[in-house]
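Okay, structure first, notes after.
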Amino acid sequence: MTSDSLSSILLNTSQIWSFVQRWAVSPSSSSDPRANVLKDLKELERARKRIQAVLDDAEEREIRDEAVKLWLKELKGVAYDAEDVLDEYHYEELRAEAEARASRKRKRVEGDDEEEVSGSPMTTVVSLPNAMGDRIRAIRERFDEILKHRELLRLREEDGERRVFRPTYPAPTSHMVNGSSIYGRAHDKQEVIDLLLSEGMENGISVIPIVGKGGLGKTTIAQLVYNDSKVKEYFDLTGWVCVSNDFDVTRLTKAIIESLTQTETPCVLTQLSSLQNALEEKVKKKRVLLVLDDVWNEQQNLWESLRIPFVGAETVQIIVTCRNDSVAQIMQTVCSYYPDYLSEGDSWLLFKHHAFGGQISEEQLGLVDIGKRIVEKCSGLPLAVKTIGSLLRHLRDEDSWMEVLQSAIWELDKNNETLASLRLSYNRMPAHLKPCFVYTSMFPKDYVFDKDVLVRLWMAQGFITLEGRRRMEEIGHDYFNDLQRRSFFDSFYFGFKMHDMIHDLAKSIAGNECCAVMDKKLPGFPDQVRHLYMHGDEELVKSLCSHNLWALRTLILEDRCIDAKVTQFQLLLPRTRCLRTLEFEWQREDGLPDSIGHLKHLRYLHVRSRYIRRLPKSVCLLYHLQTLILDCGHIFSGGHLAELPDGLGNFTNLQYFKLWAGRIIRLPESECRLHHLQTLVLECGSLAKLPDGLGNLTNLLYFKLRSNVIERLPRSICQLSNLQKLNIQSCRNLVELPSGIGSLTNLRLLDTAFTGIHYLPVGIKKLTNLQRLYGSFKVRRGKEYGGIEVLKDLVNLQGTLQISGLSNLVNTEDARDACLEYKHKLKELYLDWYDVDRICGGPQLLRLHACPEENMDLPADEEREEVILQYLQPHPNLEKLHMDGYGGSKFPKWVGNPFSFAALQEIKITNCEEISSLPLYIHSDIGKLDALEQPQSMLKRVYIDNCWQLTSIAGLHKLHSLKDLTIYDCPQLQLLSKEGLPFKLEKLHIEHCQRLTLVSGMQNLTSLKALIIRHCPKFEITTEVQHSSMPNKIEIVNCPGMGHWCHI
């Protein structure tokens, strides 16, 4: 170990040593024992901060001396104990404040408000816990002993420069698997596809193992094969299941059914026999591809049980990824495939993608040579290259890159290149991220993380340091994004996963502090565990009770760990007095034990139960609580929880409260005293009324409400000036928004979908920060409710907008005042002229229906409709445009203008019966521009239906990205394009175009996969097309002109 690695640590510990000596001999200025303890508490806090500085400094360095590691571990234990004592005193402060509030409330009720009238507020007296002074002295003695031990280490103190990390937080990047981030695996992909589709693999069950070490890219190869278009077309059913360590046949059979079915509804079957019958029926006479990723099972009988339901399928191909040949030999029917390491060239391309973002700027040229030498040390392992590249992306100076290149870790772990690179990435990680990363090792492998939940768990452990006025949760999201950018998390559907090797790294660093128990056996060191995740039965809880668990700070009990005997849980709670996080499922009607209120340090409580009828009053003594989640039944039915305790207002530190209970009718008024609350989620189907004092929650940022009963929101909700998200979706009896809604000027989201709210108050136009507005509203000019002109100042609106009933607009200026041209974040626009109450798309859209004016029958006016459409020109960032029922005979110039359609990917024109021509890529200035300056069309799909007067479609040949062209019921259409169709076209579908004769240039459609022509009697295909490659799907119906071509 180099001297500069310890210099700062030794310097800081010397300062602590002298400080503790002064503390030990300092006489108290008072003989009052209470004063002595309070003074000692202040000194203890100072000592704790100094110790934390030492530990943070140690985290910045590569400490390898085992004696120093042990010394630091002991120092860390003292820091934990000091934190517990200080936290307990803070708890007593919170309790004193709560008791003072309760006393004042009693006096007001009894009419005895003399103190308040006289202006002498009640004095809050903080009681000190018994033996707190003794505990402080014991900690001080341990300080003395540990700090003296440094002399025995015989280490010299030297001045050394401590490296300071200043992490940046750019916008998060995606880690989704795509071609732009994968290098050197095209050959592997093709090899496995050839095995899949080779002769002899057509019948029965075939298993192809992909075998290799962790981080080699086995899963990536399987993903490439699985998503290949030819593979998808060949198989009737495809499924992907991540197996990991637990080869539970019942769980895997259920997961396979859900993956092959690909529906959002989970499989409700639980018995293996029923699951196997269902799977057998699903795959019968089908061609099935199944990927079993990350398999570790070496028991033949388990594999045989899993494969039984596939016997009736036509063919089943199973790709298995694993690390050991012993696993592959149990399952394989063909020889295993062994991916090779990446070549030096491909390794460099992968490194360049992650370290430089794919492009090397001029000022980065000096890093190229160092980077290539680092890539050489990664030995062609993709995970190592990716991780080191992600690390170096944050470091731009040559010295930092040289430190990585010359790190001794490469030599220490030379037999495990991947682990060496990962350890290096961890050592170079900023100190504040390290505890957050290590904490994740308490979860099992392949665990799917929810970012928001993980951040709240970090908060509960005190891992997040406040920065100025920024919210703790906001800072926590920055921490997570930083870890994701460093490749420690990968996107996985709607959550995130860690690679097995990343998890192994976190586990190796955590040692005994973090543990995941996935069977019925506890670790051999439960008294050393600080963060415990358990998945099993009640016997686990019983076995826990025989151990000393005072070090435990996190306890997450998944499944039905607490079921048969409440007494076991009652015995467990007193042994876990230092818990910061507790999550469990309660499967009994007995109430929670009162002893839960003794968990003075608890910050995070998550209870899942459909049986609890009420919470014990003692739960209101958890004054430190930051997160409270009561998952007590379905929103509209089930569950027995019918009331909350009145002492809810004691949670003055609560920031996140989620209540899921179908029988709750009212909330205690004390809820309105939760002044630090930032997120409030009420999934309560029977909730009849919200407290009038809701406006007192001035720090509330997100409010979500689900109720089948509530008809109106309290007016005080308009006082929530910091509110950013208001979600009242599916409150079906809610009939109106408060008239003062315009006061919520910080609102970003307002979701009223599936409610009884049909009109927007005029004040909505004041919400200029609004980004997402969901719901279906009737609009008409008036004093109380607004027309479509309410959109004028909502320039940040994004997502999907539908405007229907446009034929009812009397004043064309309303369309102009909507200012759609300035809505640069809008992605989809539906314009509907019909006076029909219908919704296009899903719930996450804004629909405005223009109602007819009272006592006014508005005749059709072609010119008025053309002016309206001219005014409704969208911003060039729009990606989808649908127009239905437009009555004009021509489109305005912005339709088809490549500059107006710069980002458009889909256009749908339906029921525009007077239109004679449709320009899709027309502009007078195009010919004057150089080829490089001409805008490239992004249109991928064109859909035209029921345009009776349409005779021509101009500019089709210019749509170089077009993949799908569908035309229905255009009887006057004679020619699609003289210049031919774009060569990337994959689907051509034409129906009921009686005058359409031929399509030019079809021999150039080399990408065509589907050709469907129906009821087009004059349609012909020229003879040269006969010799071109035919699409996979051809359907010709009632097309006499195609008869000769079809026979060839």
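Values quoted throughout were computed directly from the atomic coordinates according to the rules given, and no laboratory measurement underlies them. What you see is a predicted model; the values in this text were computed from it and never measured. Positions of Cβ are generated from backbone atoms using ideal geometry, with glycine treated the same way; all protein chains shown enter the neighbour counts.
Here are a few things to note about the model shown:
- Stretched out straight at 0.36 nm per residue, the stretch from D399 to S917 would grow longer than its current Cα-Cα span by 180.0 nm.
- Nearest-0.05 FRET efficiency for H675 and T768, computed from C-beta distance (R0 30 Å): 0.65
- Equivalent-ellipsoid semi-axes of the stretch 248-383, from the Cα gyration tensor, Å, largest first: 43, 18, 13
- Protection proxy ranking for 381-391, 677-687, 863-873, 542-552, using the average of other Cβ atoms within 10 Å per residue and placing the highest first: 381-391, 677-687, 863-873, 542-552.
- Of the three principal axes defined by the Cα atoms of the stretch 188-331, the extents in descending order read 38, 31, 29 Å.
- Potential lengthening between D340 and D246 on full extension [0.36 nm per residue; Cα-Cα distance subtracted]: 31.1 nm
- Proxy reagent accessibility, fewest Cβ within 10 Å first, across R469, R485, R251: R469, R251, R485
- Backbone amide hydrogens, once placed in the peptide plane, bring W586 within less than 5 Å of R608, S609, excluding anything fewer than 5 places away on its chain.
- Estimated FRET transfer efficiency (S259, Q299; beta-carbon r; R0 22 Å; 0.05): 0.45
- Selected from L602, W660, I612, residue furthest toward positive end of dipole (the stretch 589-701; charges at beta carbon): L602
- Kirkwood hydrodynamic radius (C-alpha pairs) into Stokes-Einstein, the stretch 344-466, 37 °C and 0.692 mPa s, D in µm²/s: 208 µm²/s
- Which of F247, T321, L196, positive extreme of dipole for the stretch 188-331 (C-beta unit charges): F247
- HN-Hα J in Hz across the stretch 887-896 - Karplus 6.51, -1.76, 1.60, θ = phi - 60°, x for Gly and Pro: x, x, 8, 8, 8, x, 5, 6, 6, x
- Averaging 1/r over every pair of different alpha carbons in the stretch 448-601 and inverting the result gives a Kirkwood radius of 17.0 Å.
- Ranked list, fewest to most other Cβ atoms within 10 Å of each Cβ, for V225, V895: V895, V225
- Label-zone membership for the stretch 709-724, site I665, 7 angstrom Cα→C-beta point, backbone N under 14 Å: 709-710
- Label-to-label distance, nm, for residues given as R732 and S326 (7 Å Cα→Cβ offset): 5.8 nm
- Between the stretch 588-665 and the stretch 300-323, the alpha-carbon centres lie 45 Å apart.
- Rounded to the nearest 0.05, the FRET efficiency derived from the C-beta distance between S379 and Y822 at R0 = 56 Å is 0.55.
- Cβ-to-Cβ counts within 10 Å put T698, T1006, T554, T250 in ascending order as T1006, T698, T250, T554, the fewest first.
- Put simply, the amide H of F777, placed in the peptide plane, has neighbours under 5 Å in R847, L848, H849, leaving out anything fewer than 5 places away on its chain.
- Inter-label distance, nm, simple model (7 Å from Cα along the C-beta direction), Q406/A35: 5.8 nm
- Paramagnetic reach from N796 (point 7 Å along Cα→Cβ, amide N under 11 Å) across the stretch 764-779: 767-772
- The length gained by stretching the chain between E979 and K890 to full extension, at 0.36 nm per residue less their Cα-Cα distance, is 29.8 nm.
- Using equal-weight Cα scatterers in the Debye expression, the normalised intensity of the stretch 695-779 in log10 at q = 0.18 Å⁻¹ is -0.69.
- Violating pairs (Cα-Cα greater than 30 angstrom) within the set K189/K984; K352/K497; K282/K940; K823/K958; K542/K617; K107/K600: K282/K940
- Spacing of the modelled spin labels on A100 and R941, each 7 Å from Cα toward Cβ, amounts to 6.3 nm.
- Dimensions in Å of the stretch 579-731 - Rg and Dmax from alpha carbons: 14.6, 42
- Counted charge near L582, where neighbours are those whose Cβ lies closer than 11 Å (Asp, Glu -1; Lys, Arg +1): +2
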